[in-house]
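J.: For reference, the structure I am asking about is given below.
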Amino acid sequence: MKKIFIYVLGTAQDGGYPHIACNQNCCQEAWKNPEVHRFPSSLALVDMNRQKYWLFDITPEVKSQIHMLNDFGCSLAGVFITHAHIGHYMGLVNFGLEVLNTDKIPVYTMPRMRDYIENNSMLKQLIDSDNIELISLLKNNILPINSSISINAFEVPHRNELSETVGFEIIGNKKSAVYLPDIDSWDTFEDNLVNLVDRNDILFVDGTFYSKDEIKNRNIEKIPHPEILDSMRRFSNLSSTNKKKLYFTHFNHTNYILRNDKEAYNNVVDLGFSIAEEGQTFSIN
Ligand SMILES: [Zn+2]
Ligand SMILES: [Zn+2]
Ligand SMILES: [Zn+2]
């Protein structure tokens with residue numbers, strides 16, 4: 001039996017790192033040093049037995065992210081989309097005639113996300129040209145994608161202008177992971193998260209801001225995401241084993257974690273939580 005594993009393809013917020021037109025402290029060094037650039041949040045699920053992989057969110061940087069998987073020799077078997085914010089679906093446009101011209105790649109979505117794709121002429125063209133095939137997901141309904149892996153979509157509160165927002169449980173024979181890159185706040189979801197931590201082994205969760213004081217030139221009320229400091233306070237009662245399962249991801253360009261700020265980084269690790277990094281792998285079989 002070969003490995004089935006999660007591969008972290010990106011850990012930044014939708015705009016990536018550095019951020020477009022940002023000349024502030026947060027991005028200055030990153031413009032000079034491509035090594036510290038980070039792609040928008042995305043995971044691959046790689047099945048070496050079947051030589052296939054699935055993407056969880058498909059970002060505007062999908063070209064480079066798929067290239068990161070090159071050495072595994074696997075082919076794309078499908079895409080799961082959390083919601084209609086551009087960092088999470090915009091990479092789909094590369095599947096069209098102009099670029100990859102894929103053949104009926106399964107794209108798994110919830111109903112509103114499906115409507116959005118079907119009514120957006122740029123994305124609808126992918127259906128009309130048989131580049132993608134939409135497959136509907138129902139929330140809290142475990143969907144086997146083969147005999148070793150199942151996927152469960154669960155709804156989360158987020159600013160849902162164009163679609164609902166889901167997180168995914170990726171369930172293997174031995175272990176399971178959660179991908180939950182965007183949520184407005186834990187206020188109405190705290191108990192759900194505690195349950196998810198209990199029944200899963202690795203959880204990638206929204207760590208957009210380290211602390212909300214990092215946002216200076218936009219109204220923070222209009223970009224609701226939990227701050228890592230608050231999340232660590234809320235979940236401080238989890239056992240040390242459970243805390244360690246929580247990997248923060250989806251970092252805004254202003255987030256100290258992206259700048260390798262040792263104080264912020266060490267604080268997260270010292271308090272017993274984890275930080276997602278591009279290229280990390282986690283076996284689930
Ligand atoms: Zn996002
Ligand atoms: Zn910046
Ligand atoms: Zn979002």
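J.: Out of everything in segment 227-274 that is of a type in the set (A, V, I, L, M) and in contact with a helix residue (DSSP H, G or I) (Cβ under 6 Å, 6 or more places away or on another chain), what residue ends up being most open to solvent (accessible area, probe 1.4 Å)? Let's see the steps before the verdict.
T.: Taking segment 227-274 first, the residues of a type in the set (A, V, I, L, M) are 228-229, 232, 238, 246, 257-258, 264, 268-269, 271.
Those left that are additionally in contact with a helix residue (DSSP H, G or I) (Cβ under 6 Å, 6 or more places away or on another chain): 257, 264, 271.
Working: ILE257: 11, ALA264: 5, LEU271: 83 Å².
Looking at the filtered set, the residue picked out is LEU271.
J.: Identify all residues within segment 1-53 that are in a strand (DSSP E or B) and within 16 Å of ligand 2 (Cβ to nearest atom); write none if there are none. Outline the logic, then answer.
T.: So the first thing to find is which residues in segment 1-53 are in a strand (DSSP E or B), and the list is 4-10, 12, 17, 38, 40, 42-47, 52-53.
Result: ALA12, TYR17, ARG38, PRO40.
J.: Is there any pair with a first residue in segment 137-155 that is over 17 Å from ASN200 (Cα atoms) and touching a residue at least 12 places away in the same chain (Cβ under 8 Å) and a second that is part of a loop (DSSP other than H, G, I, E, B) and hydrophobic (A, V, I, L, M, F, W, C) whose Cβ atoms are under 6 Å apart and which are 6 or more apart or on different chains, and what are they?
T.: Once the first residue is over 17 Å from ASN200 (Cα atoms) and touching a residue at least 12 places away in the same chain (Cβ under 8 Å) and sits in segment 137-155, its partners that are part of a loop (DSSP other than H, G, I, E, B) and hydrophobic (A, V, I, L, M, F, W, C) give LEU137/MET110.
J.: Name the residues in segment 154-168 that are in contact with a Lys or Arg (Cβ under 8 Å, 6 or more places away or on another chain) and open to solvent by 10 Å² or more (accessible area, probe 1.4 Å), would you?
T.: As a first pass, look at segment 154-168 and keep what is in contact with a Lys or Arg (Cβ under 8 Å, 6 or more places away or on another chain): 154-155, 160, 162-164, 166.
The answer is PHE154, GLU155, ASN160, LEU162, GLU164.
J.: Wholly within segment 55-143, which strands (runs of 3 or more DSSP E) include no fewer than the required count, namely at least 1 residues that are farther than 23 Å from ILE6 by Cα and of a type in the set (Asp, Glu)?
T.: Per the criteria, 132-136.
J.: Which of (1) hydrophobic (A, V, I, L, M, F, W, C); (2) in contact with a Lys or Arg (Cβ under 8 Å, 6 or more places away or on another chain); (3) open to solvent by 50 Å² or more (accessible area, probe 1.4 Å) is the odd one out, the single condition LEU76 does not satisfy?
T.: Against the list (1) hydrophobic (A, V, I, L, M, F, W, C); (2) in contact with a Lys or Arg (Cβ under 8 Å, 6 or more places away or on another chain); (3) open to solvent by 50 Å² or more (accessible area, probe 1.4 Å), LEU76 comes up short only on (3).
J.: Say we look at segment 1-46 and pick out the residues that are away from ligand 1 (no atom under 16 Å from the Cβ) and among the acidic types (Asp, Glu); which of these is nearest to LYS174 (Cα to Cα)?
T.: Here the residue is GLU35.
J.: Consider GLY87 against the criteria (1) in contact (Cβ under 8 Å) with a residue 60 or more places away in the chain; (2) away from ligand 3 (no atom under 16 Å from the Cβ); (3) surrounded by 13 or more Cβ atoms within 10 Å (Cβ to Cβ): it satisfies all of them except one. Which criterion is unmet?
T.: It fails just one condition, (2).
J.: Please go through segment 1-36 and pick out each residue that is surrounded by fewer than 20 Cβ atoms within 10 Å (Cβ to Cβ) and either among the polar types (S, T, N, Q) or without any contact (Cβ under 8 Å) to a residue 24 or more places away in the chain (or both).
T.: ILE20, ALA21, ASN23, GLN24, ASN25, GLN28, TRP31, LYS32, ASN33, PRO34, GLU35
The values are calculated or read from the model by the stated rules, or taken from the named source; none is laboratory data. Keep in mind the model is a prediction, meaning the values are calculated, not measured. FYI the Cβ positions are ideal-geometry reconstructions off the backbone, even for glycines, and counts take in every protein chain you see. All accessible areas refer to the heavy atoms of the entire protein, side chains included, with ligands and DNA or RNA removed. Shrake-Rupley method; radii C 1.70, N 1.55, O 1.52, S 1.80 Å.
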